[in-house]
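Quick notes on the structure that follows.
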Amino acid sequence: MSLIERLAGLAGSGERAVLFTVVEGEAAGEKVLVVEDAEQLGDGVPEEALAQFDELVRGGRNKLVALADGSRVFAEWYGPPPRLVIYGAVDTAESLCQGARMLGWTSIVADARAMFLTPERLPSADRLIAKWPAEAFDEIGFDHQTAVIVLTHDDKFDEPALVAALDTEAFYIGALGSRRNQERRRERLLAAGVPEEKLDRIQGPAGLDIGADTQAETALSMLAEMLAVRAHRKGGPLREAKQRIHVEVE
């Protein structure tokens, strides 16, 4: 199979890949397609660029990479959209699903309380799963392009959901609740045997400090934090940022 044929088939397969194209340097025009957990097609692209595949495929964005010899390689990302997994069919969940749809993400809402988990209450969700956290998360199958947020405010759901999420590659794990509730939950999870370094992955209280009050504002705050975490940014005002606004070259 040729590189072009393999590239054309990615849309239907749901696989993630990066197409490396040398745009400046002696090897200009050379291409290599690297498919996650699969194969590599093409040649001529410097190994220095190809070695960044794992970081690039997890970053989920196109990037122009500058190499030590002065050449430049355009890394073009291919794959399905990120997924937002919400545990807790509360009102804020619908606002999160609406925001996720605007971003082009897929949203999944899970809750063991089937009476709340209805298309009427959550019309913007792409998928509804009426199961307890561990079962729901096993069915979904988290990966490094999955964000999860726990909204139930109920220990019998929150704690197993967070424990299950912490055993995955999810790029974002958030939990709703006050600082006092977050600290109480942290102590309970530590007592349950969750290592402290794992707990540091939990963003709680979830969201950026933008003065959110309504459900829509709260959802915006949380989604903004997810974007910032995925892009390895702090999420502060751009005028105070030390990095380029659009990071393309390293």
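The values are calculated or read from the model by the stated rules, or taken from the named source; none is laboratory data. A quick note: this is a predicted structure, and the numbers were derived from the prediction, not measured. Ideal geometry is used to build each Cβ from the backbone, glycine not excepted, and the neighbour counts take in all protein chains shown. When the accessible area is computed, the model is the full protein with side chains, heavy atoms only, and any ligands, DNA or RNA have been set aside. Shrake-Rupley method; radii C 1.70, N 1.55, O 1.52, S 1.80 Å.
Data table
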{"item": "Residues located in region 163-190, provided they are more than 24 Å from ILE140 (Cα to Cα) and open to solvent by less than 90 Å² (accessible area, probe 1.4 Å)", "result": "GLY177, SER178, ASN181, GLN182, ARG185, ARG186, LEU190"}
{"item": "Near pairs, Cβ below 6 angstrom, 6+ apart or cross-chain, from region 204-232 (crowded, with 18+ Cβ neighbours inside 10 Å) to any residue that is charged (D, E, K, R)", "result": "GLY207/GLU225; LEU208/GLU225"}
{"item": "All positions within region 17-48 that are open to solvent by less than 30 Å² (accessible area, probe 1.4 Å) and either part of a strand (DSSP E or B) or within 30 Å of GLY141 (Cβ to Cβ) (or both)", "result": "ALA17, VAL18, LEU19, PHE20, THR21, VAL22, VAL32, LEU33, VAL34, VAL35, LEU41"}
{"item": "In region 168-224, the residues that are assigned to a loop (DSSP other than H, G, I, E, B) and among the aromatic types (Phe, Trp, Tyr)", "result": "PHE171"}
{"item": "Verdict on LEU7 being hydrophobic (A, V, I, L, M, F, W, C) and without any contact (Cβ under 8 Å) to a residue 40 or more places away in the chain", "result": "no"}
{"item": "Residues of region 74-105 classified as buried (at least 19 other Cβ atoms within 10 Å of the Cβ) and assigned to a strand (DSSP E or B), total", "result": "6"}
{"item": "Meets criteria (out of contact with any Leu (no Cβ under 8 Å at 6 or more places or on another chain), at pLDDT below 95 and over 30 Å from ALA130 (Cβ atoms)) for LEU3", "result": "no"}
{"item": "Candidates LYS63, LYS31, filtered to the one that is closer than 24 Å to ALA228 by Cα and touching a residue at least 24 places away in the same chain (Cβ under 8 Å)", "result": "LYS63"}
{"item": "Test: residue in region 143-160 that is open to solvent by 80 Å² or more (accessible area, probe 1.4 Å), in contact (Cβ under 8 Å) with a residue 40 or more places away in the chain, farther than 21 Å from ALA228 by Cβ and in a loop (DSSP other than H, G, I, E, B)", "result": "yes"}
